[in-house]
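The values are calculated or read from the model by the stated rules, or taken from the named source; none is laboratory data. Remember, predicted model here, so these are calculated numbers, not experimental data. Quick reminder, even Gly has a Cβ in these numbers, built from the backbone with ideal geometry, and neighbours come from all protein chains shown.
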Amino acid sequence: MWQKIKGSWTQTKGAIKEQWGKLTDDDLMEIQGRREKLVGKIQTRYGISHEQAEAQVSGWEQKYHSM
């Protein structure tokens with residue numbers, strides 16, 4: 001599934017920014033569709049644990065996939 005997200009990164013960026021508003025455009029440029037980078041940026045920007053960031057991304061993936 002993440003390949004699909006990565007493949008449509010331009011469209012996906014908006015949905016990610018909507019979900020995690022603290023991520024900057026520079027963050028999104030750096031992430032470039034890489035899931036682990038997204039988890040790391042969320043962890044940093046929101047001051048949460050890796051596990052919490054991972055759980056948020058997993059939940060978002062399921063929601064996004066069902067759209």
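Points to keep in mind about this one:
- Neighbours by Cβ (under 9 Å, 6+ apart or cross-chain): first from region 15-35, in contact (Cβ under 8 Å) with a residue 40 or more places away in the chain; second among the basic types (Lys, Arg): GLN19/LYS63
- Subset of region 1-15 that is in contact with a helix residue (DSSP H, G or I) (Cβ under 7 Å, 6 or more places away or on another chain) and closer than 16 Å to GLN62 by Cβ - its residue that is modelled with the lowest pLDDT: MET1
- Residues that are under 20 Å from GLN11 (Cβ atoms), loosely packed, with under 14 Cβ neighbours inside 10 Å and small (Gly, Ala, Ser), drawn from region 21-53: GLY21
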